Amino acid sequence: MKRPINCLLALTLILTFCPRNAAPLASSSVHAAVVTAIRGATLIDGTGGPPLLNATIVIRGETIETAGSAASVTIPVGARVIDGSGLVVAPGFIDTHNHSDRGFSEDPAATSQVSQGITTLAVGQDGGSDFPVGAFLGGLDRDPIAVNVVTFVGHATVRARAMHGETKRQATSGEIRAMEQMVEQAMREGAFGLSSGLEYEAGKPATTEELIALATVAGRFGGIYISHIRDEADQTFAALAEAIRIGKEGRLPAQISHIKLGSVAVWGRARAAVALINRARRRGQDVTADCYPYEAWNSTIRVLIPSGRHDDPVAVARGLADVGGAQNILIVSCRAHPDYEFKTLAQVAQEQKMAPVELYMRIVQEGGASIVCHSMKEADIRVFYQQPWVMVSSDGGIGSRHPRGAGTFPLVLGRFVRERHWLSLAEAVRKMTSLPAWRLGLENRGLIRPGFKADLVLFDPAKVIDRATFQQPQLVSEGINRVFVNGVEVWQDAKVTGLRPGQALRHGQGAKGKELRAKS
Ligand SMILES: [Zn+2]
């Protein structure tokens, strides 16, 4: 959910499975001549259309050369042939809200990501990104990871730079102009749009007008506005309306990040939230959302008290009640008290013989904690997942301490599709592939089509399932058999291959743009 969490945690995790010898591929020419054929699989092409049984796909270098029924596709002589019988072959999954940024150096093979079928992930979320974006992408060009990376430019990032760290106030017009220039620079360097995190301290004091000004710049370059909105609890509806207004007045598409209804007062109101967004869509506005498939969120403990009055017992009591009580709050990391980790606030309060309110205030005073908070309802998640404009996102990433970091996509395929029949397999795959590709503006990914990049997932639809839990968030999923990124296998037989064929993607620069850049 929040970048600083990942900063805190990334260093301490992953060490057990990090393949330090993961090797980047020197250039695409290395594998340009390699031809691979996948035969016998059920092809789900990402459009949401009906599956094609017994299909053959031919991959040449990093590109899909042909795909179709076994009878219509000839496998070239000398091709490496993979038997896909019993499996589904789908486009690689595209995660529009991911926090792997800080984990790249710890696990460049991106184990928790590729093991769930992710082949492209979008970072720079919730208002926090690397800056300059060009330097970040250049770093990935030189030292790639296993998957493709897209980045947004963070509102809080440019805000902190323009305001020299003094973000607890409204910005002056001069400061907003400086932010606009930074957003423009980021868009020119390849950012896919502007992200914001208006529930967090550096973003919260910003006015809607400030955000409209910056969104307008991102929109001029064809980017989108993607937002962790100002409130995900009692004030969710006002926050949704603000995001819609920013999209409208900024004249660009708006995406609600990890849409949720996270407090007692709004539980069960997903249909009303959907209606609000549908009204904007009917007016012709392009508004979409992504959603992770869990009833619990992960963030800093401080977000429980939106007023920021962390030492006011009345405000704290209200904040704890809003999420259903201290038993719904699991402490997952606490520097001052590691012994609190993986216990609920209620459990620790009982052990310490303190009231939960008192314990909360002490934890915040002593440096805070990262929590997993069970404050959403499955019925709301189901309503969101059944909207055609809602895509699957993880809000996780390498090193996540929430099971969504390793389990999101298999959970949707195994539990929502296979067990509960909330949506068809083809529709779920569409929400993981062509829908996010279209949302981001990726021209040649998200579908199985000749000429598209060979980002592919082979999975067993009868077995695919998440295993990550709140106690063991790093457990990798089952039933994802093989994953290809740009034609190169990164996951095979429940292990990473260690290859790093991922590309740093620039907005508006598909294959053609790349050629132009090379010439200039
Ligand atoms: Zn977030």
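The values are calculated or read from the model by the stated rules, or taken from the named source; none is laboratory data. These numbers come from a predicted model, not from an experiment. So basically every Cβ, Gly included, is an ideal-geometry build from the backbone, and we count neighbours across all protein chains shown. Just so you know, the surface numbers come from the protein's heavy atoms only, side chains and all, with ligands and any DNA or RNA stripped out. Shrake-Rupley method; radii C 1.70, N 1.55, O 1.52, S 1.80 Å.
Some notes on this structure:
- Given (1) within 16 Å of the ligand (Cβ to nearest atom); (2) at negative phi, number of the condition Gly127 does not satisfy: (2)
- Candidate set from the range 118-134 (those that are outside any loop (DSSP other than H, G, I, E, B) and not polar (S, T, N, Q)); member that is surrounded by the most Cβ atoms within 10 Å (Cβ to Cβ): Ile118
- Number of residues in the range 236-254 that are out of contact with any helix residue (DSSP H, G or I) (no Cβ under 9 Å at 6 or more places or on another chain) and open to solvent by 10 Å² or more (accessible area, probe 1.4 Å) equals 1.
- Unique residue being touching a helix residue (DSSP H, G or I) at 6+ places or on another chain (Cβ under 8 Å) and farther than 30 Å from Leu261 by Cβ when the list is Glu210, Glu180: Glu180
- Residue in the range 163-172 that is surrounded by 24 or more Cβ atoms within 10 Å (Cβ to Cβ) and either modelled with pLDDT of 95 or more or within 16 Å of the ligand (Cβ to nearest atom) (or both) present: no
- Exactly one residue out of Glu232, Glu189, Glu199 is under 25 Å from Gln503 (Cβ atoms), charged (D, E, K, R) and touching a strand residue (DSSP E or B) at 6+ places or on another chain (Cβ under 9 Å): that is Glu189.
- The one condition from (1) under 15 Å from Ile44 (Cβ atoms); (2) assigned to a loop (DSSP other than H, G, I, E, B); (3) open to solvent by 10 Å² or more (accessible area, probe 1.4 Å) that Arg430 does not meet is (2).
- Matching residues, the range 219-251, being under 20 Å from the mean Cα position of the chain (by Cα) and β-branched (Val, Ile, Thr): Ile224, Ile226, Ile229
- Test: residue in the range 255-262 that is in contact with a strand residue (DSSP E or B) (Cβ under 9 Å, 6 or more places away or on another chain), at positive phi and touching a residue at least 24 places away in the same chain (Cβ under 8 Å): yes
- Residues that are within 16 Å of the ligand (Cβ to nearest atom) and under 16 Å from Arg251 (Cα atoms), drawn from the range 175-226: Gly193, Leu194, Ser195, Leu211, Ile224, Tyr225, Ile226
- The requirement of being polar (S, T, N, Q) and within 29 Å of Ile256 (Cα to Cα) is satisfied by Ser115.
- A Cβ distance below 7 Å, combined with a sequence gap of six or more or placement on separate chains, defines the contacts here; from the range 226-240, residues that are closer than 20 Å to Ala296 by Cβ reach residues that are within 12 Å of the ligand (Cβ to nearest atom) and part of a strand (DSSP E or B) in the pairs His228/Ser196; His228/Gly197; Ile229/Ile256.
- Verdict on Thr36 being open to solvent by 30 Å² or more (accessible area, probe 1.4 Å), more than 16 Å from the ligand (Cβ to nearest atom) and either at pLDDT 95 or above or part of a strand (DSSP E or B) (or both): no
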